[in-house]
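Worksheet: the structure to be examined is printed underneath.
Read the figures in this text as sums done on the coordinates, not as results from a lab. Note that the coordinates shown come from a computational prediction; the quantities given were computed from them, not determined experimentally. Counting neighbours? That spans all protein chains shown, and the Cβs are built from the backbone with ideal geometry, glycine included.
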Amino acid sequence: MSERKPILGGSPIRKEGRAKVLGAAKYIDDQELPDMWFGATVRSSIARGTIRSITFSPEINWEEFAIVRASDIPGENTIVHLTKDHPCLAANEVNHPEEPILLLAHPDKTALIAAVRGVKIEYDELPGVFTIEESETAVENNDVERIIWPGSDQGGTANCFKTYLMYSGDAKETEDGLATAFENADFIVEGEYHTGAQEQLYIENNGVIAECFRDATGGIESLCVRGSMQCPYYLVHALTLVFNLPEDKCRVIQVETGGAFGGKEDFPSLIGSHAALLAMKCGHPVKITYDRAEDMAATTKRHPSRTRHRTAVSKDGKLLGGTIDVAIDGGAYATLSPVVLSRATIHAPGPYKWPHVRVKAKAMATNIPPHGAFRGFGAPQSLFGLERHMDKIAKTIGLTPEEFRRRNFLATGDCTATGQPLVEPVDMQGLLTRALREAGYHEKLARFAEENKTSSIKRGVGFASFMHGTGFTGSGERRLNSLVYLDVREDGRPEILVSSTEFGQGTNTILSQVAAQTLNLPYESIVVSPVDTSIVPNSGPTVASRTAMIVGKLVERASLQMLTLLRNEEKLPEAHTPEEFKAAALAYRAKHGSLRCSVRYEPPAKIYWDDELYRGDAYPGYAWAVYVAEVAVDMNTYMATCTRFDALQEVGMVMHPVLAKGQIEGGVAQGIGYALYEKCMWKDGRMMNNQMTNYIMPTSADLPPIHVHFEEVPSIHGPGGAKGIGELPMDGPAPAILNAIENATGVAFNTIPLLPEDIFERFTSFTDPELGGTEDMDPAVDRDTRVESAEVSA
Amino acid sequence: MSVIQFSVNGKRESIDVPPMKRLLDVLREDLHLTGTKEGCGEGECGACAILFDGELVNSCLVPALQANGARLCTIEGVSTEGHLHPIQQCFLEKGGAQCGICTPGMILATHHLLDKYPNPTMAQIQEGLAGNLCRCTGYMRIFESVQQAAQQANELTAKS
């Protein structure tokens, strides 16, 4: 009989963990191929202009080098994500600093440093725009010189990659409703909130090795690129265009990947194409690995953002209506900005009931290296604005942040701002109660208020309530049409074949748990195939918190299909032992030559999404959370420190408690960095602090104890009742921390990152009118925001 | 070029390399010990940490010449004949390794920490690992791994 401990919900050892703790796991830079050369990239030194000339230093023997320029590209000079505006190599014009122009390869890695310097490029410079505001101004003034992106037949207008206009109901009815709401409001509260760029800072830089195979006539037969990446089929797609080859001639292999966080979602399409072009040119395998400075200066970051709220509220603390304007800085090319903006748009109204809400969103072009995917993907930006604004409204109308939120939370049966009915249970009230209790919030609120009167260390507590949608937005999963295979190998062990990649989050482990649990086999017996596009099907990209819920469900269905097959064909008993399973599977294989169950995504019943109106079921499921931060602000050094963090979430059933805690803690740590440490310094579009020495991420000594709590409510969408978890923890920390800082100091800060110099500037401008001048002395009102009207009647 | 002699993981090595070549590259390229990783190349991240005469150093900052006569230990020398060291076992069980790229350096830093403080306080753990950056874990699982390794070592000592 087969009564075994449940595998889902247990914490079996990470599948590839042993190799990792031994130092035996082979990352891309640990690998070499015979006769391999090394590649390097010659990049633009200016933000915007046209290339006048390229000259090669006579001191270098260029015959030893392979050189690739835009004109060598056999297919289209484009790295396509959504729009074909992004060149693989700049041909005539450059649109951001560090834009790739030429590629060099040489058998000796050390020869490349001087060679890159030996290429002299002269430009005719054009004016650039470097912020959302500069980009908008150029459009408003019709400043043709500063229209840096013309629009595209695939969407977008001058300097603007994408806009969304999302209404909580019919457009006209919502506009009318908003007009009435603002007319009848007891309070109208406005606010503006800013977030900075953030570097993913995976500890392993981007890297790939490419090979190009020729046929008998010397034509390009096929390509093989292996590397550190999240989405191998994205790179396959990129290669088909750059080389004008069919998909099956573009093989991509993901190797052990040393962290990604979105930073290896879209970028590998570029570096992978570059290495393949050099391999084509020199006839050798070519490895390109960036060093830290190049990786930080040239690759994607989180989109900077600006969110403006205008909210109508009744005196009993009900939201009557609101307008939310979100703008993100997309950098020089569209890349993934439209989809990042989509998630920012849908998450902007948060876990609240809005009788009427309108969200307007836009992604602006700037002459900065394109911003890209980073854990949270737009949601951390708009949720930062929302959750700071909720505290502001509470303060304005005289309710506690807790009470104000309680009067407006979404609950089971309500509709979200996109009109999605919340069919599965949602209990924000219960989550808030428990989170505040776990954190000791009320006791601390009272105690800190007392202690702060006599201390130069001001302490405070704050929280954020939020949700994160699991999987691709709207019709995205339907379009992805993901496919998974479950095989039984020659040795009788089941093997999962998916394009979902492991980069630390635990893909290999949780998918094995799902298969083992469903097949009623030991976890150890499950094998996960290497992610090689010549053998695994396209189960979609490893992004959007979709692997556990979407791909996990497909693995569960494939496992069920396999059991049914073996029961019907091989008389596998209902309650089988591992030995009986193996015997049945091998008997089937002996008859048919192989055993494979293949399962394709099927949209859940009644899921409806309108891409035009941006209405309907935005995500199959949501994870819900309340995060509580405790802070200390030292009024001598102006250093704000997070001193304790409590993260409570409802993510369905927890598949692997150790991995799940690790995901939450890691995300919270990145969120604390986002709020208090990590500042990208820009000059004319170039990141100036592109080193770990001066871009500061939290160390083990900087972080507070992070307490992770789960509420478990099974979801029908994921395997074993699970939902997505990966991105959620990025959304809450920054607003919770800045809310706590306002509680500690009485001053509202609405821009992150918030560094000691920012706090210093603010406080010294209060006390010294000579220095500051324009600052309002009332600490409850901050410079970025404005309370439009006081209470109309008492 | 200079002939440099040292021991790595108990094995004597004699190699002819440019004297200013980074010890990190000597280990990875000349000795094929790729468990030692490069994260930043400027001594900030600790992915290249090794034990150098028992001290924790960032091998990206050490010129090869300086290693002459030294006794080095890399991640490959922590386990014995495929048997995990208790520290490695604790990292494996407690979720101390996620993407794994910081793990070799982190395990050597833990080794060094527990040599110095067999029973470390949380502050000593935080301080002792502050030179090793991890972007995945938020360090909490790593702290638990270190605490469990210390506890196990102490229990072993108490028994013997």
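General remarks:
- As a length-normalised measure over Cα pairs under 8 Å and 6 or more apart, the relative contact order of chain B settles at 23 percent.
- Shielding of peptide A:9-22 by partners, expressed as the average count of other chain Cβ atoms within 10 Å per residue Cβ, is 6.
- Inter-chain Cβ neighbour average for residues B:40-48, partner chain, 10 Å: 5
- Charge sum, other residues only, whose C-beta stays under 11 Å from residue A:653's C-beta, Lys/Arg counted +1 and Asp/Glu -1: -2
- Between residue A:216 and residue A:594, the C-beta separation translates, for a Förster distance of 35 Å, into a calculated FRET efficiency of about 0.65.
- A helix-only calculation puts chain A at -9000 deg cm²/dmol for mean residue ellipticity at 222 nm, using -39500 (n - 2.57) for each DSSP H run of at least four residues, averaged over all residues.
- Counting only residues at least eight positions apart within a chain, or on another chain, the lysines with an alpha carbon under 22 Å from that of residue A:458 are A:392, A:395, A:444.
- Percent of Cα-Cα distances greater than 26 Å, calculated over chain B: 26
- Least to most buried among A:15, A:591, A:287 (fewest other Cβ within 10 Å first): A:591, A:15, A:287
- Stokes-Einstein diffusion for the protein assembly as shown at 25 °C, viscosity 0.890 mPa s, with a Kirkwood radius from C-alpha pairs, works out to 84 µm²/s.
- Kirkwood hydrodynamic radius computed over region B:2-77 comes to 11.9 Å, based on all pairs of distinct alpha carbons.
- Pairs of C-alpha atoms in region A:75-211 farther apart than 21 Å represent 68 percent of all such pairs.
- Rg/Rh for region A:99-150 stands at 1.25; both radii use Cα atoms, and Rh follows the Kirkwood definition.
- In plain terms, the bigger the Kirkwood radius, the slower the diffusion; for region B:86-159, with that radius from Cα pairs, at 37 °C and 0.692 mPa s, Stokes-Einstein puts D at 274 µm²/s.
- Taken as Cα centroids, region A:402-444 and region A:573-598 sit 47 Å apart, rounded to the nearest whole angstrom.
- The lysines whose alpha-carbon is closer than 19 Å to the alpha-carbon of residue A:591, local same-chain residues fewer than 8 away aside, are A:571, A:582.
- Net charge over other residues, Cβ less than 10 angstrom from the Cβ of residue A:597 (K, R count +1; D, E count -1): +1
- Ranked A:352, A:674, A:202, criterion: other C-beta atoms within 10 Å, fewest first: A:352, A:202, A:674
- Amide H contacts of residue A:416 (H built 1.01 Å from N, in plane; Pro and chain starts excluded): A:422 sit under 5 Å, all sequence-distant by 5 or more or on other chains.
- Size of region A:483-559: Rg and Dmax of its alpha carbons, in Å, are 11.2, 35.
- Centre-to-centre separation between the Cα atoms of region A:356-392 and those of region A:1-63: 30 Å.
- DSSP beta bridges fully contained in the protein assembly as shown are about 80 percent antiparallel.
- Computed over region A:108-189: relative contact order in percent, which uses C-alpha pairs under 8 Å that are six or more apart: 14
- Packing-based exposure ordering (other Cβ within 10 Å, fewest first) of A:412, A:751: A:412, A:751
- Within the straight-line cut-off of under 16 Å between alpha carbons, the aspartates and glutamates reachable from residue A:15 are A:256, A:495, A:502, A:524, B:93, sequence neighbours fewer than 8 places apart in one chain being disregarded.
- Considering helices alone, the calculated mean residue ellipticity of chain B at 222 nm is -10000 deg cm²/dmol, with DSSP H runs of length four and up weighted by -39500 (n - 2.57) and normalised per residue.
- Near residue A:277: Cβ cut-off under 14 Å, other residues only, Lys/Arg at +1 and Asp/Glu at -1. The net charge is 0.
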